[in-house]
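> One structure, as structure tokens, below. Some questions next.
The values are calculated or read from the model by the stated rules, or taken from the named source; none is laboratory data. In this text the structure is predicted, and so the values were computed from the model without any measurement. We place every Cβ from the backbone using ideal geometry, glycine too, and count neighbours over all the protein chains shown. In case anyone asks, the SASA skips ligands and DNA or RNA and just uses the protein heavy atoms, side chains included. Shrake-Rupley method; radii C 1.70, N 1.55, O 1.52, S 1.80 Å.
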Amino acid sequence: MAPRSIASLTVSFGLVSIPVKLFSATEASHAISFNLLHKGCGSRLKQQYLCAKEEVAVPREDMAKGYEFDKDQYVMFSPEELKALEEAGTHSAEISEFVPIASIDPAYFDKAYYLAPDKGGAKPYALFARALRESKRCAIGRWAARGKQYIVMVRPVEDGLVTQQLLYSGELTSIKDIDIPKGEVKEAELKLAQQLIEQQSSETFDPSPYVDDVRARIETAVQKKVEGQEITMADEPEGGAQVIDLMEALRASLERKAPAKAKAPQAEARAEERKPPKRAQESEGSVKKTAKK
């Protein structure tokens with residue numbers, strides 16, 4: 001089934017306007033969820049909200065939203081007041097700047113949507129996509145929807161354009177706030193690590209080999225339950241051995257991934273490392289000659 005457009009909007013930069021259709025880039029329906037049931041009869045449970053003071057169930061019509069400004073101190077808002085605070089939805093995303101794609105930390109990425117040209121938008125869409133692709137830049141702008149205002153990035157992909165919602169700076173924790181102790185990196189260790197990276201490198205990312213094993217396991221278990229079978233729990237795999245020698249761990253990783261013909265030079269390199277220094281060999285030979293005399 002072809003994907004359905006979830007919204008229409010206009011992307012504008014300068015005096016150029018591009019009518020586009022929005023398509024969700026993810027499928028939430030793939031998530032597996034469970035319902036809470038009564039153990040005794042297997043019936044589904046209904047959620048109730050209890051008043052913390054009176055300890056009675058409160059029906060939805062008697063509920064109101066409030067903001068806790070101090071410990072157990074709230075200010076209450078009516079639905080009309082909350083509605084007035086919402087951002088009015090817009091059908092346009094106005095571009096404010098263009099930045100290098102590599103300058104945006106992926107940690108800021110939120111939801112993604114595909115953009116396709118709407119009626120009359122094919123030519124400006126193609127122009128905008130190509131201009132972004134060749135400049136290696138993305139467009140940054142704002143878009144309001146569902147009562148909220150979002151920062152959006154429009155970036156080119158091989159087949160068109162993707163708009164990505166970005167988090168605000170206040171929504172992201174800085175890594176500088178985390179205590180990361182300094183570690184000494186030896187040149188030999190770094191060289192082996194770089195070799196391992198090079199050995200396992202690919203030119204592009206292909207997500208198809210990565211499958212959700214947990215989802216498959218849950219689906220199998222659910223099917224067994226439906227068919228009336230008992231579920232047997234697999235033993236947990238034993239934890240890996242503790243890495244004691246970093247150099248040996250790197251070498252072992254390289255040997256495990258490397259083709260057979262590539263192992264010989266590494267073995268020679270290790271044999272070379274085990275040889276005593278040349279000066280020491282000469283000194284040892286001198287001692288033996290002196291002893292013979």
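> Within the stretch 147-196, which residues are hydroxyl-bearing (Ser, Thr, Tyr), free of Cβ contacts under 8 Å to residues at least 60 places away in the same chain and under 17 Å from Thr10 (Cα atoms)? Quick ask: steps written out before the conclusion?
Keep residues of the stretch 147-196 that are hydroxyl-bearing (Ser, Thr, Tyr), which gives 150, 163, 168-169, 173-174.
Of the ones still in play, those that are also free of Cβ contacts under 8 Å to residues at least 60 places away in the same chain are 150, 168-169, 173-174.
Listed by number, the list holds a single entry, Tyr150.
> Okay, next question. Which residues, counting only those in the stretch 42-101, are open to solvent by less than 100 Å² (accessible area, probe 1.4 Å), within 30 Å of Cys138 (Cα to Cα) and of a type in the set (D, E, K, R)?
Scanning the stretch 42-101 gives Glu86, Glu87, Glu97.
> Among all residue pairs at least 6 apart or on different chains, which show Cβ distances below 6 Å where the first residue, located in the stretch 126-146, is in contact (Cβ under 8 Å) with a residue 40 or more places away in the chain and the second is assigned to a helix (DSSP H, G or I)?
Correct list of pairs: Cys138/Ile101.
> I'd like to know if the stretch 138-155 contains one or more residues that are in contact with a Pro (Cβ under 8 Å, 6 or more places away or on another chain) and within 24 Å of Ser24 (Cα to Cα). Show your work before the answer.
Pass one, the stretch 138-155, residues in contact with a Pro (Cβ under 8 Å, 6 or more places away or on another chain): 138.
Then keep just the ones that are within 24 Å of Ser24 (Cα to Cα); that gives 138.
For the stretch 138-155, residues in contact with a Pro (Cβ under 8 Å, 6 or more places away or on another chain) and within 24 Å of Ser24 (Cα to Cα): present.
> Here are some residues: Gly14, Gly42. Which one is under 33 Å from the mean Cα position of the chain (by Cα), at positive phi and not charged (D, E, K, R)?
Details: Gly42 fails: under 33 Å from the mean Cα position of the chain (by Cα).
Criteria check complete, one pass: Gly14.
> Within the stretch 186-199, work out how many residues are loosely packed, with under 10 Cβ neighbours inside 10 Å and not in a helix (DSSP H, G or I).
Narrowing the stretch 186-199 to residues loosely packed, with under 10 Cβ neighbours inside 10 Å: 187, 197-198.
If we keep only those that are not in a helix (DSSP H, G or I) too, we end up with none.
The number of residues fulfilling the criteria is 0.
> Since Ile218 meets every condition but one in (1) open to solvent by 70 Å² or more (accessible area, probe 1.4 Å); (2) touching a residue at least 12 places away in the same chain (Cβ under 8 Å), which condition does it not meet?
Among (1) open to solvent by 70 Å² or more (accessible area, probe 1.4 Å); (2) touching a residue at least 12 places away in the same chain (Cβ under 8 Å), the lone unmet condition for Ile218 is (1).
> Name every residue in the stretch 200-215 that is open to solvent by 100 Å² or more (accessible area, probe 1.4 Å) and more than 30 Å from Ser33 (Cα to Cα), in order of residue number.
If we filter the stretch 200-215 for residues that are open to solvent by 100 Å² or more (accessible area, probe 1.4 Å), which is where we start, we get 200, 203-205, 210-211.
Result: Gln200, Glu203, Thr204.
> Going by the structure shown, is Ala52 of a type in the set (Gly, Ala, Ser) and either modelled with pLDDT under 90 or assigned to a loop (DSSP other than H, G, I, E, B) (or both)? Full working, then the answer.
Details: of a type in the set (Gly, Ala, Ser): yes; either modelled with pLDDT under 90 or assigned to a loop (DSSP other than H, G, I, E, B) (or both): yes.
For Ala52, the condition - of a type in the set (Gly, Ala, Ser) and either modelled with pLDDT under 90 or assigned to a loop (DSSP other than H, G, I, E, B) (or both) - is met.
> On the given criteria, is Val11 open to solvent by less than 100 Å² (accessible area, probe 1.4 Å), under 17 Å from Ala116 (Cβ atoms) and in contact with a Leu (Cβ under 6 Å, 6 or more places away or on another chain)? Explain how you work it out, then say what you get.
On the way: open to solvent by less than 100 Å² (accessible area, probe 1.4 Å): yes; under 17 Å from Ala116 (Cβ atoms): yes; in contact with a Leu (Cβ under 6 Å, 6 or more places away or on another chain): no.
Criteria not met by Val11.
> On to the next question. Restrict the check to the stretch 134-144 and report whether at least one residue is open to solvent by 20 Å² or more (accessible area, probe 1.4 Å), modelled with pLDDT under 90 and of a type in the set (Phe, Trp, Tyr).
yes
> Mind listing whichever residues of the stretch 102-116 are over 17 Å from the mean Cα position of the chain (by Cα) and open to solvent by less than 50 Å² (accessible area, probe 1.4 Å)?
Leu115, Ala116 - these are the residues of the stretch 102-116 that are over 17 Å from the mean Cα position of the chain (by Cα) and open to solvent by less than 50 Å² (accessible area, probe 1.4 Å).
> Mind checking which residues of the stretch 14-51 are over 20 Å from Val222 (Cα atoms) and either of a type in the set (Ser, Thr, Tyr) or in contact with a Cys (Cβ under 9 Å, 6 or more places away or on another chain) (or both)?
Within the stretch 14-51, Ser17, Ser24, Thr26, Tyr49 meet the criteria.
> Further, regarding this structure: Looking at (1) modelled with pLDDT of 90 or more; (2) out of contact with any Gly (no Cβ under 7 Å at 6 or more places or on another chain), which one does Val20 not meet, given that it meets all the others?
Result: Val20 fails condition (2) only.
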